[in-house]
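Note sheet for the following structure.
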Amino acid sequence: MKYFIFSFLFFGLYSCSSNNAAPNKTIEPKAAATKYTLATVEKGGVASTIKLPAQLAAFQEVSIFPKVNGYVKSVQVDIGSRVTKGTVLMVLEAPELVQAALQAREKYARTKADFAIDKERYQRLLEAAKTAGAISPLDLSSIKAKMEADSAVSNAEKANWQMQQTMLDYLKVVAPFAGVITERNVHPGALVSASVKDKPMLELKQIDHLRLQVDIPEALAGNLKNKDTVSFYVSALQGKKLTGNINRSSMNVNAQYRSERMEVDVPNKEGALAPGMFADMLLYSKGNVEALFVPKSAVVTSTERKYVLVMNGDKITKVDVSTGNQTANKIEVFGALKAGDQVIAVANDEIKETT
């Protein structure tokens, strides 16, 4: 009897164990929705300091060509010569111009004498005409007309003589302003021609006052104005920081480089700087106070476009933008955005739009 009960219990337990041993199916958990770190679009300019290449140029410079044909008689200066305004730089000689001036002077003297004689005759006839019937009105009119014609001829010859004198003055080449001779291409005895402009005789540059020329990117140019302070460095003065104010802007954006030329006046009384030197300009930009900015990592730049990913609920939309000032972690953006919009803070081109 005991054996039977034990066998029944063993069979029952085995049956239960067999039913519970059915394999369990693995249930895959539902993939959680992707979550992104969001950033808020904020309003306000992004102040930044950028470095731009610049170049020093002479405040004034001129290439000196001959005004008349002639031979170089003497050259009073050489490369590096410092001159003041009106200094004689070189002397040319042209004998034919001297002869032409002498002839013009003689013609003027002759016509002036003819006019003086006619004027005297007219004055005498005019005095005699006060006596009734002494002088015919026709004779008086004739001599007056001749006097006026001689006056016109005399004035024309005088103008011709003055022109020849002016041409003679061109034989002396003088400095139009104070500066330094930076180029000399002629020597005594050389024949120079007013019609040949391939190479100047001399080149003069003003170096005690220089221009620092820099091309400002279009996005930054609008935030700068005259008298804004800038700083720059040149290789010739290792580590020395130089400062100046923006004095002029071209008011024109270069269509090829999308930049605007601006100039800074640089005093150079000691001559430590020279035209042609390159400089690194540090430009501080306050930024556009009306601009919007986002984290720099929120802007995606591809070969075709530049955009941010705007998150509105579960919907992701690409919004094209252009950029302005930027720092290590912030950047100005311009596009169909408004302050308070939510954008994906760390975006990339693998994130797709959703509908």
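The values are calculated or read from the model by the stated rules, or taken from the named source; none is laboratory data. In this text the structure is predicted, and so the values were computed from the model without any measurement. Don't worry about glycine lacking a Cβ; one is built from the backbone with ideal geometry, like all the others, and counts go over all protein chains shown. Quick note on the areas: whole protein, heavy atoms, side chains included, nothing else; ligands and nucleic acids left out. Shrake-Rupley method; radii C 1.70, N 1.55, O 1.52, S 1.80 Å.
For (1) touching a helix residue (DSSP H, G or I) at 6+ places or on another chain (Cβ under 6 Å); (2) open to solvent by less than 40 Å² (accessible area, probe 1.4 Å), each residue gets a yes or a no:
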residue: Ser74; (1), (2): no, yes
residue: Pro95; (1), (2): no, no
residue: Phe115; (1), (2): yes, no
residue: Leu140; (1), (2): yes, yes
residue: Ser151; (1), (2): yes, yes
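Is it true that Asp349 is touching a strand residue (DSSP E or B) at 6+ places or on another chain (Cβ under 8 Å), open to solvent by 50 Å² or more (accessible area, probe 1.4 Å) and farther than 23 Å from Ser285 by Cβ?
yes
Pull up the range 241-286, narrow it to residues that are modelled with pLDDT under 90 and aromatic (Phe, Trp, Tyr), then point me to the one that is surrounded by the fewest Cβ atoms within 10 Å (Cβ to Cβ).
Top of the filtered list is Tyr257.
Tell me the strands (runs of 3 or more DSSP E) entirely within the range 239-355 that contain at least 2 residues that are closer than 16 Å to Leu38 by Cα.
Hits in the range 239-355: 292-295, 299-301, 306-312, 315-326, 330-335, 342-344.
Look at Ala328 and say whether it is open to solvent by 50 Å² or more (accessible area, probe 1.4 Å), touching a residue at least 12 places away in the same chain (Cβ under 8 Å) and either within 29 Å of the chain's Cα centre (by Cα) or under 24 Å from Val214 (Cβ atoms) (or both).
yes
Going residue by residue through the range 201-214, is there one that turns out to be part of a strand (DSSP E or B), touching a Pro at 6+ places or on another chain (Cβ under 7 Å) and open to solvent by less than 30 Å² (accessible area, probe 1.4 Å)?
yes
List, please: which pairs have Cβ atoms under 8 Å, are six or more places apart or on different chains, and start with a residue in the range 273-284 that is more than 15 Å from Glu61 (Cα to Cα) and end with one that is modelled with pLDDT of 90 or more and in a loop (DSSP other than H, G, I, E, B)?
Note: pairs meeting the criteria are Leu273/Ile207.
Among the numbered criteria (1) surrounded by fewer than 16 Cβ atoms within 10 Å (Cβ to Cβ); (2) at negative phi, which one does Thr111 miss?
Just one mismatch for Thr111, condition (1).
Just a yes or no: is a residue in the range 153-175 under 25 Å from Asp78 (Cβ atoms), open to solvent by 50 Å² or more (accessible area, probe 1.4 Å) and assigned to a loop (DSSP other than H, G, I, E, B)?
Yes, the range 153-175 contains at least one residue that is under 25 Å from Asp78 (Cβ atoms), open to solvent by 50 Å² or more (accessible area, probe 1.4 Å) and assigned to a loop (DSSP other than H, G, I, E, B).
Against the definition (out of contact with any Pro (no Cβ under 8 Å at 6 or more places or on another chain), basic (Lys, Arg) and over 30 Å from Leu210 (Cα atoms)), how does Lys130 come out, yes or no?
Yes.
Looking at the structure I just gave you, is Met90 closer than 21 Å to Ser74 by Cβ and at pLDDT 95 or above?
The answer is yes for Met90.
Report whether or not Val294 is touching a Lys or Arg at 6+ places or on another chain (Cβ under 8 Å), more than 30 Å from Leu204 (Cβ to Cβ), buried (at least 16 other Cβ atoms within 10 Å of the Cβ) and touching a residue at least 24 places away in the same chain (Cβ under 8 Å).
The answer is yes for Val294.
Is there any pair with a first residue in the range 102-114 that is over 14 Å from Ala159 (Cα atoms) and a second that is among the small types (Gly, Ala, Ser) whose Cβ atoms are under 8 Å apart and which are 6 or more apart or on different chains, and what are they?
These pairs meet every condition: Asp114/Ser154.
Just one of (1) modelled with pLDDT of 90 or more; (2) among the hydrophobic types (A, V, I, L, M, F, W, C); (3) within 20 Å of the chain's Cα centre (by Cα) trips up Leu202, so point out which.
Of (1) modelled with pLDDT of 90 or more; (2) among the hydrophobic types (A, V, I, L, M, F, W, C); (3) within 20 Å of the chain's Cα centre (by Cα), only one is false for Leu202: (3).
Just to be sure, is Val230 outside any loop (DSSP other than H, G, I, E, B), in contact with a Leu (Cβ under 8 Å, 6 or more places away or on another chain), open to solvent by less than 50 Å² (accessible area, probe 1.4 Å) and within 19 Å of Asp78 (Cβ to Cβ)?
No.
Out of all the residues in the range 324-333, is one or more modelled with pLDDT of 90 or more and on the phi > 0 side of the Ramachandran plot?
No, the range 324-333 contains no residue that is modelled with pLDDT of 90 or more and on the phi > 0 side of the Ramachandran plot.
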